[in-house]
Amino acid sequence: MTTHDRNVQPGREVRAEAMTGGDRRPQRRTGARTQDIDRHVGARVRERRIMLGFTQQQLADLIGVTYQQAHKYERGINRVSAGRLFEIAHVLNVPVNYFFEGLMDDESRQVSSRERMCLELARNFAQIPNERHQEALSQLARVLAAE
């Protein structure tokens, strides 16, 4: 075992470039890239939750966390573990890779006003308690889209 091997803690990812000049101590890799991914995953959780018409409290209850924790997941403040992400995917009825879609396409992309409107429409539609009203609204949308 080399001196370098003894200085690296198990589970820590260290790149050769991350080593400092003379003392060869590893530097931990953190940064904006990882936080951007956490925010992207959180945004996708929020987007899907809204599409299904769930509140943050409902999602929190379904995955066994507090409302505050669900909020932090969606904002990308707290990182979602693999097991928890699997649970969230199951509850939101999507494959796990759904949360990573679009990550490589455009990392700095903001939600457009049209996308925001669609999410709001989906949330409001899901909150209509009368199925006949939901069907009528759905048919209206079909007619308007065909024009």
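Numbers at a glance
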quantity: When residues of region 29-49 are limited to those that are of a type in the set (Val, Ile, Thr) and at pLDDT below 90, the one nearest to the chain's Cα centre (by Cα); calculated: Thr34
quantity: Qualifying position, being assigned to a helix (DSSP H, G or I) and touching a Pro at 6+ places or on another chain (Cβ under 9 Å), among Ala122, Ala136, Ala141, Ala89; calculated: Ala89
quantity: Of the criteria (1) more than 22 Å from Gln35 (Cβ to Cβ); (2) among the acidic types (Asp, Glu); (3) buried (at least 16 other Cβ atoms within 10 Å of the Cβ), which one Asp61 fails; calculated: (3)
quantity: Selection within region 92-113 - assigned to a helix (DSSP H, G or I) and at pLDDT below 90; calculated: Ser113
quantity: Long-range neighbours under 6 Å by Cβ, at least six apart or interchain, first residue touching a residue at least 40 places away in the same chain (Cβ under 8 Å) within region 52-66, second of a type in the set (D, E, K, R); calculated: Gly53/Arg123
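The values are calculated or read from the model by the stated rules, or taken from the named source; none is laboratory data. Since this is a predicted model, take the numbers as computed values, not measurements. Cβ atoms come from the backbone with ideal geometry, glycine included; neighbour counts cover every protein chain shown.
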